[in-house]
Structure formats: structure tokens, C-alpha cells
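Derivation of every value follows stated rules applied to the coordinates shown; laboratory data play no part. Everything numeric here is computed off the predicted structure, so don't read it as measured data. Cβ coordinates were reconstructed from backbone atoms using ideal geometry, including for glycine residues, and neighbour counts include every protein chain displayed.
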Amino acid sequence: MRVMRNSAINELTIEQMRRRHLRRVMQIEEQVYPRPWSHNTFVTEIAQMRSGARYYMTAYVGDTLVGYAGMLFSDQDAHVTNIAVDPEWQQRGVATELMLDVGFIARDRQCDALTLEVRHTNTAAQELYRRFGFVPAGVRKKYYENRDDALIMWRHGVQTEEFEQRLRFIQAGRS
């Protein structure tokens, strides 16, 4: 569990996702995604954390779950499967804090690269990922709802000193 403070959020706590979090996770999921994952999908993903193949985390302000993120591990890469923040808590640094944990966990797991897909129209998320050094690498046509394209983004060099410095810089609130 990691507790941090910033000017937009009094106190944010990030902890590993558990089944007991899923009611609130599903509420957020249904608000932010046109075709949300099912409860059973999350149960399956959480079960895979025991083997080390997945990692999911939740973000709390006080007793309120305000966001979550997840990733899967494949060889030397980590794939960000989802990152979501309650619309009432967006633009307050929650996604940045979740992405910091994604970066630190990928480093701890000795991953060489991070990847993700983002809706081509979600420029706010794309800007967040660029802050972390992600760059566009391709497009998945009609990836979302068989309608919207996904921009594939990669962040190579996760084990480099430059990436660690970037994480520390973002963590210190200087970017």
C-alpha cells in the first residue's frame, strides 16, 4: 500500500485490488467505458494475480474508491489492461498516481517495456501516457466496440535510469 499527498487530493491510497473492491470498481467501469468488462472478467483477472501473471490496484481517497488500474505480464513486457478514474475525480492526479505505480511495478518486475491501447479520441489519456514516455507505435482498427480505433503506445527502456528519473520527476510533481 502506498499513501501519497498532492495539492489536488488530500490523501490518496493505492492498494492491491481484491474481490471486495469489485462492486465499486464495476460502478466506475460502467461510467467510463461504453462496453465495460464484466464482474466475472475482473474475478478471473484478480485470480491470476496469485501466479504473478497480472497485477491490479485500486486508488482510494478516504473510504472512497476513486480509480483502478491493471496490467498483465508477458515475458519482459507489461501490458496496461485498464486504467479508470471516477468522472468526479478526474483531472485531480489519480490517473497519474496509478501510472506511477504501473511504472514502478514494471521496473520491480524487471520488465523492459510497457504497452497499452488507448482510444484514438482520448487525447487526455494520450497526453498522460506521453508524460511517462509512451510513444505511438500503431493503430488497431475498430478495436473499441468494433467502431473506434485504438492507438497502440509503447514505453521502452523501463529499466533505464532515464525512466526511473522520469518517474521520480513526475512523482515530485514537477511535470
Based on the Kirkwood radius over alpha-carbon pairs, what is the Stokes-Einstein translational diffusion coefficient of the range 49-134 at 10 °C with 1.306 mPa s viscosity, in µm²/s? 119
Can you give me the C-alpha center-to-center distance between the range 47-62 and the range 79-122, rounded to a whole angstrom? 13
Given the candidates Tyr144, Val85, Trp37, the one whose Cα lies deepest towards the positive end of the charge dipole of the chain, counting +1 at each Lys or Arg C-beta and -1 at each Asp or Glu C-beta, is Trp37
Compute, for the range 2-171, the length of the dipole vector about the Cα centre, with Cβ point charges of +1 (Lys, Arg) and -1 (Asp, Glu) only. Units Debye, rounded to 20. 240
Determine ³J(HN,Hα), in whole Hz, for all residues of the range 74-91 in sequence, where each value follows from phi through the Karplus function 6.51 cos²θ - 1.76 cosθ + 1.60 and θ = phi - 60°; x replaces Gly and Pro. 9, 6, 9, 10, 10, 10, 6, 7, 6, 8, 9, 10, 3, x, 5, 10, 5, 6
Scoring the range 2-171 by relative contact order with C-alpha pairs under 8 Å, at least six apart, yields a percentage of 17
Net charge near Ser51 (other residues with Cβ under 15 Å of its Cβ; Lys, Arg +1; Asp, Glu -1) is +1
What percent of all Cα-Cα pairs in the chain falls into each 5 Å bin, going from 0 up to the bin containing the maximum distance? 1, 8, 18, 21, 23, 18, 9, 2, 0
Loop only per DSSP, at most 16 neighbouring Cβ atoms within 10 Å: give me the GluC sites (Glu not before Pro) in the range 125-168, ordered by residue number. Glu145
